[in-house]
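Enquirer: Shown below is the structure under consideration.
Rule-based calculations on the coordinates, nothing more; no lab input. All values derive from a computational prediction rather than experimental measurement. Cβ coordinates were reconstructed from backbone atoms using ideal geometry, including for glycine residues, and neighbour counts include every protein chain displayed.
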Amino acid sequence: MHFNDIQRVPSDPILGLIEAYATDANPNKFDLGVGVYKDAMGLTPILRAVKLAEQRLVDKQTTKTYIGGHGQTSFGTLISELVLGKDSPLLAAKRVGATQTPGGTGALRLCADFIADCLPGRGIWLSDPTWPIHESIFAAAGLKVSHYPYVGSDNRLNVEAMLATLNQIPHGDVVLLHACCHNPTGFDLSQDDWRQVLDIVRSRDLLPLIDFAYQGFGDGLEQDAWSVRLFADALPELLITSSCSKNFGLYRERTGALIVCTDSAEKLLDVRSQLSATARNLWSNPPDHGAAIVAEILGDPELKTLWMDEVEEMRSRIAQLRAGLVEALTPLGLGERFAHIGVQRGMFSYTGLNDDQVAKLRYEHSVYLVSAGRANIAGIDASRLSLLAQAIADVCHD
Ligand code: PMP
């Protein structure tokens with residue numbers, strides 16, 4: 001048989017966690033595992049702005065024909081404006097191009113193949129730790145994957161170690177940075193840290209790739225773009241992967257973009273010709289529906305305002321849960337130990353709980369976290385914060 005030698009690979013541990021959570025009969029269970037936003041009801045609903053945009057699209061759309069390798073032009077322009085700012089001089093100079101991709105994952109894979117094909121010999125540097133799919137995507141494209149320190153075993157952001165390693169990266173290599181809401185740790189660089197990283201990137205002639213999967217989930221839509229805009233304004237060339245999965249709640253519609261900034265409008269055409277050729281081999285044309293929704297929302301002032309309010313609603317719920325959890329842990333003598341949860345940004349938190357404590361939380365309290373103690377803060381039910389704090393205290397005081 002042709003398939004005889006094919007071995008089974010272990011399934012994604014997060015998928016196993018979803019299953020275990022679903023079958024857990026404890027009414028007081030907590031799902032802090034899978035990385036999707038949840039509202040106060042524990043649901044991941046369709047945003048109101050998205051529903052309205054979809055209804056308009058049903059009425060308006062006249063064709064389902066292919067949309068071309070780079071996707072819909074209006075989506076590309078609007079997402080570039082959202083990321084870089086409407087007044088970015090790069091947009092006016094036509095030094096920016098967005099290629100519509102199946103989610104941020106698609107943007108990363110396109111980027112990985114682009115680097116492998118067009119910038120041969122360049123290695124890529126990822127934070128340690130990073131989103132595990134970063135590791136596999138770049139390796140699958142044949143790139144040499146290396147790491148710079150980010151958060152150590154003491155569960156602290158180690159900027160000095162990060163900068164020291166960046167200072168030794170071979171000239172020309174690609175360095176992947178999380179714009180905000182670092183996955184999995186939740187620890188973000190300060191503005192001063194970003195400036196130091198920029199200095200090194202410039203002096204060592206590195207090519208930054210900024211992964212921007214959580215715009216609006218940290219400090220706000222504009223605030224979260226600060227680092228991206230700092231780099232875009234200071235450097236002649238930049239790669240950005242943007243995802244609409246979280247901030248538009250479009251997870252399954254697979255909506256994202258690879259945004260490329262070049263030093264001239266002419267060079268942009270060369271780069272984009274390569275990107276559409278590469279995309280042709282990956283998925284030919286990108287999926288349309290999610291990007292059409294995003295374009296409808298961002299292109300309509302009323303829908304855009306509604307959407308911005310909804311993003312703010314999600315952002316502030318996460319911020320309140322962070323503060324609320326630290327507050328609930330304080331009377332149990334754990335406020336200081338878990339103060340970092342209030343400092344971290346975005347959905348994820350490296351709690352600092354070890355594997356034994358994570359297992360105890362799961363088996364004794366039905367609190368589901370991912371290994372390495374990563375919690376999805378958005379999965380917390382605010383009305384049961386003290387119960388969660390009690391469970392954490394129980395495994396910590398053991
Ligand atoms: N980058 C990071 C850091 C992420 O956490 C995610 C989503 N988990 C993505 C990219 C891509 O997400 P998607 O493909 O769903 O847009």
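Enquirer: Do any chymotrypsin sites (Phe, Trp or Tyr not before Pro) in region 249-354 lie in a loop, going by DSSP, with at most 15 other beta-carbon atoms within 10 Å of their beta carbon, and if so which? Don't jump to the answer; show the numbers that get you there.
Expert: Numbers: sites: TYR251, TRP283, TRP307, PHE338, PHE348, TYR350; in loops: TRP283, PHE338.
Filter output for region 249-354: TRP283.
Enquirer: What is the order of ASP31, ASP219, fewest Cβ neighbours within 10 Å to most? All intermediate terms of the calculation are to be shown ahead of the outcome.
Expert: Details: ASP31 22, ASP219 16.
Exposure proxy ranking, most exposed first: ASP219, ASP31.
Enquirer: Let me ask something else. Roughly how many Å is it from the Cα centre of region 333-380 to that of region 253-282, as a whole number?
Expert: The two parts, judged by their Cα centres, are 39 Å apart.
Enquirer: Give me the percent relative contact order of region 149-265, please, defined on Cα pairs under 8 angstrom at least 6 residues apart. Before the final figure, lay out the partial values.
Expert: Values: 167 pairs, mean separation 24.9, N = 117.
Relative CO of region 149-265 lands at 21 percent.
Enquirer: Let me ask something additional. Quick one: Cα centre-to-centre distance for region 1-47 and region 150-168, in angstrom?
Expert: With region 1-47 and region 150-168 each reduced to a Cα centre, they are spaced 31 Å.
Enquirer: Calculate the translational D of region 181-227 in whole µm² s⁻¹ from Stokes-Einstein, where the hydrodynamic radius comes from the Kirkwood formula applied to all Cα pairs, the temperature is 20 °C and the viscosity 1.002 mPa s. Don't skip to the end; give the middle numbers.
Expert: On the way: Rh = 11.7 Å.
This corresponds to a translational diffusion coefficient of 183 µm²/s.
Enquirer: Something else now. By counting other Cβ atoms within 10 Å of each Cβ, how are ARG280, ARG122 ranked from fewest to most?
Expert: On the way: ARG280 11, ARG122 17.
With the fewest neighbours first, ARG280, ARG122 line up as ARG280, ARG122.
Enquirer: Of GLY68, ASN158, GLY218, which is farthest along the charge dipole of region 66-299 in the positive direction, counting Lys and Arg as +1 and Asp and Glu as -1 at C-beta?
Expert: The residue sitting most towards the positive pole is GLY68.
Enquirer: How far is helix 289-298 tilted off the main Cα axis of the chain, in degrees rounded to 10, range 0 to 90?
Expert: Tilt of helix 289-298: around 90 degrees.
Enquirer: For the chain, what does -39500 (n - 2.57) per DSSP helix run (n ≥ 4), summed and divided by total residues, give at 222 nm, in deg cm²/dmol to the nearest 500? All intermediate terms of the calculation are to be shown ahead of the outcome.
Expert: Working: 16 runs with 183 residues, N = 398.
So the calculated ellipticity at 222 nm is -14000 deg cm²/dmol.
Enquirer: With the contact rule set at Cα under 8 Å and sequence spacing of 6 or more, what percent relative contact order holds for region 66-299?
Expert: Numbers: 434 pairs, mean separation 72.8, N = 234.
Over region 66-299, the number comes to 31 percent.
Enquirer: With angles folded into 0 to 90 degrees, how steeply does helix 301-329 sit against the dominant principal axis of the chain? Use alpha carbons for both and round to 10.
Expert: Tilt of helix 301-329: around 30 degrees.
Enquirer: Same structure, new question: Treating cross-link reach as a plain straight distance, find the lysines whose alpha-carbon is under 25 Å from the alpha-carbon of LYS360, omitting any fewer than eight places away in the same chain.
Expert: The qualifying lysines are LYS29, LYS38.
Enquirer: Choose one of ALA382, PRO287, ALA372: the residue whose Cα lies farthest towards the positive end of the charge dipole of region 266-398 (beta-carbon charges +1 Lys, Arg; -1 Asp, Glu; about the Cα centre).
Expert: Positive-end residue among those listed: ALA372.
Enquirer: How large is the charge dipole for region 1-41, taken about the Cα centre, if only the Cβ atoms of Lys, Arg (+1) and Asp, Glu (-1) carry charge, to the nearest 20 debye? List each step's numbers first, then the result.
Expert: Values: 3 positive and 6 negative charges, 8 e Å.
The calculation lands at about 40 debye.
Enquirer: State the Cα centre-to-centre distance between region 114-138 and region 63-113 in whole Å.
Expert: 20 Å
Enquirer: Here's something else I'd like to know. Would you mind estimating how fast region 45-129 diffuses translationally, via Stokes-Einstein at 10 °C and 1.306 mPa s with the Kirkwood radius over Cα pairs, in µm²/s? Provide the component values of the computation, followed by the final result.
Expert: Values: Rh = 16.0 Å.
D, rounded to a whole number, is 100 µm²/s.
Enquirer: Which whole-number percent of Cα pairs in region 310-398 have a distance greater than 18 Å? Don't jump to the answer; show the numbers that get you there.
Expert: On the way: 1483 of 3916 pairs.
Looking at region 310-398, the distances longer than 18 Å represent 38 percent of pairs.
Enquirer: Mind pulling the angle between the C-alpha long axis of helix 13-23 and the longest principal axis of the chain? Nearest 10 degrees, somewhere in 0 to 90.
Expert: Around 50 degrees separate the two axes.
Enquirer: Give the aspartates and glutamates reachable from LYS144 as a straight Cα distance under 16 Å; neighbours fewer than 8 places away on the same chain don't count.
Expert: ASP113, ASP117, ASP128, GLU135, ASP173
Enquirer: Further question on the same structure: For the chain, treating each Cα as an identical point scatterer without solvent, what Debye log10 I(q)/I(0) comes out at q = 0.13 1/Å?
Expert: -1.14
Enquirer: While we're on this one: What is the packing order of peptides 145-158, 94-107, taking the mean over residues of other C-beta atoms within 10 Å and listing the highest first?
Expert: Values: 145-158: 16.4, 94-107: 24.1.
The most tightly packed comes first, giving 94-107, 145-158.
Enquirer: Next up: Could you grab the relative contact order for the chain? Cα pairs under 8 Å, six or more apart, rounded to a whole percent. Let's see the in-between values first.
Expert: Details: 705 pairs, mean separation 102.4, N = 398.
In percent, rounded to a whole number, it is 26.
Enquirer: May I pose another question? Restricting things to Cα coordinates, could you compute the convex hull volume per residue of region 66-299 in Å³?
Expert: In region 66-299, the Cα hull volume divided by residue count equals 113 Å³.
Enquirer: In straight Cα distance, which lysines are under 30 Å from LYS60, not counting same-chain residues fewer than 8 positions off?
Expert: LYS51, LYS86, LYS94, LYS246, LYS304
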